[in-house]
Number of protein chains: 2
Amino acid sequence: KDEEGNVAERCKKFMSPPITPMEVLEKRKEEISSRMEMLIMQTQAEFCRALEEVDGGKFKVDRWSRAEGGGGISCVMQDSNVFEKAGVNVSVVHGYLTEEAAKQMRSRGKVLKGKDGKLPFIAMGVSSVIHPKNPHIPTVHFNYRYFEIEEEDGSKQWWFGGGTDLTPVYIDKEDGALFHNVLREACDKHHPKYYPDFKKWCDRYFYIRHRGETRGIGGIFFDDLDSPSQEEVFKFVKSCAKTVVPCYLPIVHKHLKDSFTQEEKDWQQVRRGRYVEFNLVYDRGVKFGLATPGSRIESILMSLPLTARWEYMHEPSKGTREAEMIEVLRNPKEWI
Amino acid sequence: KDEEGNVAERCKKFMSPPITPMEVLEKRKEEISSRMEMLIMQTQAEFCRALEEVDGGKFKVDRWSRAEGGGGISCVMQDSNVFEKAGVNVSVVHGYLTEEAAKQMRSRGKVLKGKDGKLPFIAMGVSSVIHPKNPHIPTVHFNYRYFEIEEEDGSKQWWFGGGTDLTPVYIDKEDGALFHNVLREACDKHHPKYYPDFKKWCDRYFYIRHRGETRGIGGIFFDDLDSPSQEEVFKFVKSCAKTVVPCYLPIVHKHLKDSFTQEEKDWQQVRRGRYVEFNLVYDRGVKFGLATPGSRIESILMSLPLTARWEYMHEPSKGTREAEMIEVLRNPKEWI
């Protein structure tokens, strides 16, 4: 239903007009790339509005364009009432794949044959990282993206990727269950294996190898999803995108008034340090972005927290809530 | 002169006994690997004592061993009077090169022929990063190291690497000149091209590509130094190691009582964030360490500051001292 109505009308609710001109989106409204662009714009707007409502602050909205083609809209709320740093970014870029990008994709098993070695692509996605001030409100991250590459013979390869994952500072089993349940329900509507498979993939992907810890308590993660059909996968991604508000906002509201000590705040800062380690050392999107000429560094690195801390040999005492957190990160568990 | 006297006597001044048993060092006292181990231990002790004197605090001394062979001594002073985090680490490790390590060395042009593919190695070094609390006292980093690999025919390949570099939060031309002068004097005693070449290498190495900025105002950096002779290169490295106190401590003393504002402290925190970006994304030693099984993560990451900050779209106003700093990082200059 929410794909009905004319494009211009729907765009009124967005944080900023879409990257692709509205007339083009209207004319090509049946195409997956247009529908996906509308979906990521809508996801950005719904999530930002929900965060603004609970915070009382306003997002700063930056439109940017990329010399090589396309652009994005970065929404950031920094040092606000509830959130230390909240970033929700949309990008719709096109051009030719760099050698490095093609190499990375081939290493994942893709066969790419370009015309004169050139591979035109379109990539679009919405991604977000929210770092709250209160250590009892977890950090959340999500990203939903679509990729299209044109091959030598004019045919198109396409795939979707994405996921949502939660990084609490302290374990709250009820929060973990709620979060995973909302994601499972979205998955189960499309395939009974999606939730169990993508839950495992998430734990495996968000793994800080040198620490022997996951970044958080997981969620779902998938990539290179290109079957059974473009329509089916899009519908699945849409179901996932629809969960970003209901899987996170109830948790924010629940802990909004939780009191906390300086020790709890310090522990949050140490965990923020680990978040930075994952993002800078392992995250594929960040590595890809930093190595891509013309990419917007500030939008890529807006996932980093406002503040972080590295204490030499920090090890929580046995039996503490901090030790309980570490234990779960070392041994990912089932939440539902 | 300072290599005279018996080993046991000299070791009394160290932060902890050396990794190699003293009897072995005494017996092999003419060998470069023994002399280098004594030098790195002595450098650690002299630097730590000088920092303790100015700070009033004491280093925590941790001895650690590596299952695969060798070990280290990590000295850390955290959240003290003058220093937010000061780490001075010695390591002396041996074993067989991992595939990854051999590959990295080959990519730098080394020809390595192992017996049955196995390459026994010894690696040792002293490395340090000092993050002061006062934003007018710069961060300093140095590292001096020696590497030896045994080839198929029993012959040994060896080389030295190292450098010292300064990362101020604000430009102080006098500090920059003092720092570079002390390094140049040490270099000039050995070869007139060392300072100009290694100064350039330093600016090139400590470059945060995605920011288009160097990490700091440089110093010297060199690697794979294996000529004219082991004795000559060792003497050069020794000269460099002897500069760590005189090139930094005068700067610490000069700014010890400088007052600072919250804005200056915030700018320091933003610069700390860039330090983290360089170390986690580009530093060869960190990347190598994080990827090496059995390496001591806490010693590798003790180079990270206690606290850091990432502000979205932080850009100093024109004409400010912050803008002056950025300008120098974007266009490395000559200090002497």
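Of all residues being β-branched (Val, Ile, Thr) and away from chain B (no Cβ under 14 Å) in region A:197-228, which is nearest to the chain's Cα centre (by Cα)? Just the residue, please.
Ranking the candidates gives A:Ile220 first.
Taking region B:16-45, which residues are buried (at least 19 other Cβ atoms within 10 Å of the Cβ) and either farther than 24 Å from B:Ser229 by Cβ or under 18 Å from the mean Cα position of the chain (by Cα) (or both)?
B:Pro18, B:Ile19, B:Met36, B:Glu37, B:Met38, B:Leu39, B:Ile40, B:Met41, B:Gln42, B:Thr43, B:Gln44, B:Ala45
Go through region A:80-104 and give me each residue that's farther than 17 Å from A:Ala50 by Cα, touching a residue at least 40 places away in the same chain (Cβ under 8 Å) and not β-branched (Val, Ile, Thr).
Of everything in region A:80-104, those that are farther than 17 Å from A:Ala50 by Cα, touching a residue at least 40 places away in the same chain (Cβ under 8 Å) and not β-branched (Val, Ile, Thr) turn out to be A:Ser91, A:Leu97, A:Glu100, A:Ala101, A:Gln104.
For residues in region A:17-51 being free of Cβ contacts under 8 Å to residues at least 12 places away in the same chain and of a type in the set (Lys, Arg), which is farthest from A:Phe142 (Cα to Cα)?
The qualifying residue farthest from A:Phe142 (Cα to Cα) is A:Lys27.
Please go through region B:285-308 and pick out each residue that is in contact with a Phe, Trp or Tyr (Cβ under 9 Å, 6 or more places away or on another chain), in contact (Cβ under 8 Å) with a residue 24 or more places away in the chain and not in a loop (DSSP other than H, G, I, E, B).
Passing the criteria: B:Glu298, B:Ser299, B:Met302, B:Ser303, B:Thr307, B:Ala308.
Exactly one of (1) touching a strand residue (DSSP E or B) at 6+ places or on another chain (Cβ under 7 Å); (2) away from chain A (no Cβ under 14 Å) is unmet by B:Phe83. Its number?
B:Phe83 satisfies every listed condition except (2).
Do the conditions hold for B:Pro135, that is, is it at pLDDT 95 or above, surrounded by 22 or more Cβ atoms within 10 Å (Cβ to Cβ) and over 19 Å from the mean Cα position of the chain (by Cα)?
Taking the combined requirement at face value, the residue satisfies it.
Scan region A:52-66 residue by residue and report those that are closer than 18 Å to A:Ile137 by Cβ and either β-branched (Val, Ile, Thr) or not in a loop (DSSP other than H, G, I, E, B) (or both).
Passing the criteria: A:Glu52, A:Glu53, A:Val54, A:Asp55.
Can you work out which of the residues in region A:53-91 that are closer than 17 Å to A:Phe14 by Cβ and β-branched (Val, Ile, Thr) is surrounded by the fewest Cβ atoms within 10 Å (Cβ to Cβ)?
Per the stated criteria, the residue is A:Val61.
Tell me whether region B:187-196 contains one or more residues that are within 15 Å of the chain's Cα centre (by Cα), crowded, with 22+ Cβ neighbours inside 10 Å and touching a residue at least 24 places away in the same chain (Cβ under 8 Å).
No, region B:187-196 has no match at all.
I'm checking my understanding of the structure. Among residues of region B:276-296 that are over 22 Å from B:Asp203 (Cα atoms) and surrounded by 14 or more Cβ atoms within 10 Å (Cβ to Cβ), which one is nearest to the other protein chains (Cβ to nearest Cβ)?
B:Leu290
The values are calculated or read from the model by the stated rules, or taken from the named source; none is laboratory data. The shown structure was predicted, so the numbers you read here are calculated from the model rather than taken from an experiment. Cβ: placed from backbone, ideal geometry, glycine included. Neighbour counts: every protein chain shown.
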